[in-house]
1. Could you give the nm distance between label points at Arg153 and Val348, where each point is 7 Å from its Cα heading toward the beta carbon?
2. Strictly over 24 Å apart at the Cα level, which of Lys21/Lys426; Lys308/Lys372; Lys276/Lys418; Lys308/Lys337 would you flag in this model?
3. Once label points are set 7 Å from the Cα along Cα→Cβ at both His270 and Ser416, what is their separation, rounded to one decimal in nm?
4. Please give the peptides 142-151, 13-22 ranked by average Cβ packing (other Cβ atoms within 10 Å per residue), highest first, as a rough proxy for protection.
5. Between beta-carbons, use under 13 Å as the cut-off and find the net charge around Pro304, counting Lys and Arg +1, Asp and Glu -1.
6. Short version: ³J(HN,Hα) in whole Hz for each residue of segment 332-339, in order, from phi by Karplus 6.51 cos²θ - 1.76 cosθ + 1.60 (θ = phi - 60°), x for Gly and Pro, what are they?
7. Run the simple label-point estimate for Lys386 and Leu143 please: 7 Å along Cα→C-beta, distance reported in nm.
8. Once the Cβ-Cβ distance between Lys430 and Leu305 is put in as r, and R0 is 35 Å, what FRET efficiency do you end up with, to the nearest 0.05?
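Just so it is clear, none of the values below were taken in a lab; they were calculated from the coordinates. Since the model is a prediction, treat every value here as computed from it, not as a measurement. All Cβ positions, glycine included, derive from the backbone under ideal geometry; neighbour counts span all protein chains shown.
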Amino acid sequence: MSVVHELSPGWLLDHLAFINKISYELHQHREPCCSKSRPTSSVHLDSLHMDSVSSFGASATFVPSTSKPENDDRGNCEMFIQKYVFRSELFDISKPYITSANHKECQESKEKEDLVNDVKKEIFISINGKKRKRCVAFNQGELDAMEYHRKIRGLILDGSSQLIQEGLTSGFLHSCSEKPNKCSEPITLPLDTCNLSELCEMAKHLPSLNETELQTLQLMEDDTSVTEQDLFSRIVENTSGFTKIITLMGQKYLLPPKSSFLLSDISCMHPLLNCKKTYDVIVIDPPWQNKSVKRSNRYSYLSPLQIKQIPVPKLAAPSCLVVTWVTNRQKHLRFVKEELYPSWSVEVVAEWHWVKITSSGEFVFPLDSPHKKPYEGLILGRVPEKAALLLRNADVKELPIPDHKLIVSVPCTLHSHKPPLAEVLKDYIKPEGECLELFARNLQPGWTSWGNEVLKFQHMDYFVALKSKS
């Protein structure tokens with residue numbers, strides 16, 4: 001379970017435990033002899049042999065085997081199982097990014113808060129021994145952000161304090177004095193040698209399949225390969241009960257059991273629509289535009305108009321729960337509530353908050369920091385049921401979604417690796433409901449994931465191989 005504690009304010013989550021409860025196990029057959037065989041195509045699955053250890057030490061690297069002999073007798077083969085877990089050091093955040101002891105920042109924060117009621121404040125500065133007055137004014141966006149923070153500050157502080165105290169009492173969180181000291185080594189991340197978003201752009205130039213051929217590609221137990229074109233043109237499903245590996249442009253990715261994905265950008269979403277499937281929950285993490293993204297060119301972003309063009313109405317089932325991650329910019333919050341959801345015929349029902357803490361229970365940023373806050377928002381909405389369906393489903397009671405719930409967790413050091421929502425949403429969607437994540441960067445069992453970086457955090461080098469067993 002990723003939910004460590006549940007109290008009236010919300011949930012304390014263990015993101016790492018959620019990933020590792022997924023059965024990342026590779027089931028492989030060791031063949032005593034490999035007679036005449038031929039190599040398979042460029043993307044390989046399932047039939048793999050361990051070759052070497054990667055530069056990260058414990059993470060196993062594989063190379064594709066050749067296809068099985070013509071007279072294959074699986075009864076004479078030994079089953080080899082390799083288990084993987086996510087690298088725990090990627091959640092090792094024991095200290096805040098910026099400490100609240102930084103007196104200068106606290107003063108700046110106090111000055112900004114004082115300006116909520118007084119838009120302008122006179123500040124005396126000394127130039128060449130003379131004093132003069134300077135008026136400092138904040139733009140409307142900054143004033144809106146300060147007002148929003150003032151409104152939710154109390155519930156963030158009180159609610160997260162309750163959950164953090166519960167975590168400290170149970171031993172899930174550890175105060176700095178209790179936590180054993182260990183040498184912190186710099187975390188080495190895998191090189192971005194396979195830019196998935198660039199591959200999606202290149203895939204547009206591949207020969208296109210007929211519309212009738214654009215269907216789900218199911219990877220069954222004995223599948224050994226698919227073509228790279230299949231990955232870009234179809235929803236790929238791992239229908240087996242164990243993990244598979246795919247190799248894409250020389251990079252290896254783990255596919256958890258019972259998961260499916262579509263690797264494409266917003267211009268190539270038709271395979272999702274062609275499946276004629278609708279979803280009971282849709283989680284969206286749009287690449288919002290902001291100044292830091294523009295400056296760093298870290299990832300591509302979408303304009304509000306492009307986000308509105310996502311075909312949510314065609315993907316949503318009646319009474320679908322739509323959840324959108326939003327930055328703290330009031331412009332984005334207002335856009336989702338006042339423009340985006342109405343354009344999709346989605347009714348806003350609640351606003352939740354993700355609070356980011358260290359393993360010792362401190363906020364990762366000072367709560368009153370004027371620059372970065374230790375929380376982000378989620379806007380929850382419902383697709384209204386039609387009258388006929390309401391009568392048909394009169395016996396099915398839907399729990400009302402409470403407002404301002406908190407999701408408190410230690411964040412991953414990887415950018416935009418959001419905490420899982422499956423367990424905190426389960427009470428508000430029907431059992432065995434269909435789940436979809438848009439702009440996903442990882443896969444989950446039981447979910448369909450879409451995005452131009454949908455396999456990013458499934459890269460082999462984010463995982464560690466445990467001792468093998470047979």
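1. 2.2 nm
2. Numbers: Lys21/Lys426 17 Å; Lys308/Lys372 27 Å; Lys276/Lys418 28 Å; Lys308/Lys337 12 Å.
Violating the 24 Å limit, Cα to Cα: Lys308/Lys372; Lys276/Lys418.
3. It is 2.5 nm.
4. Working: 142-151: 15.8, 13-22: 19.1.
In decreasing order of mean packing, 142-151, 13-22 become 13-22, 142-151.
5. Working: positive: Lys308, Arg329, Lys331, Arg334, Lys337; negative: Glu338, Glu339.
Local charge sum for Pro304: +3.
6. 6, 4, 5, 4, 5, 6, 9, 10
7. About 4.7 nm, to one decimal.
8. Efficiency computed from Cβ-Cβ geometry: 0.60.
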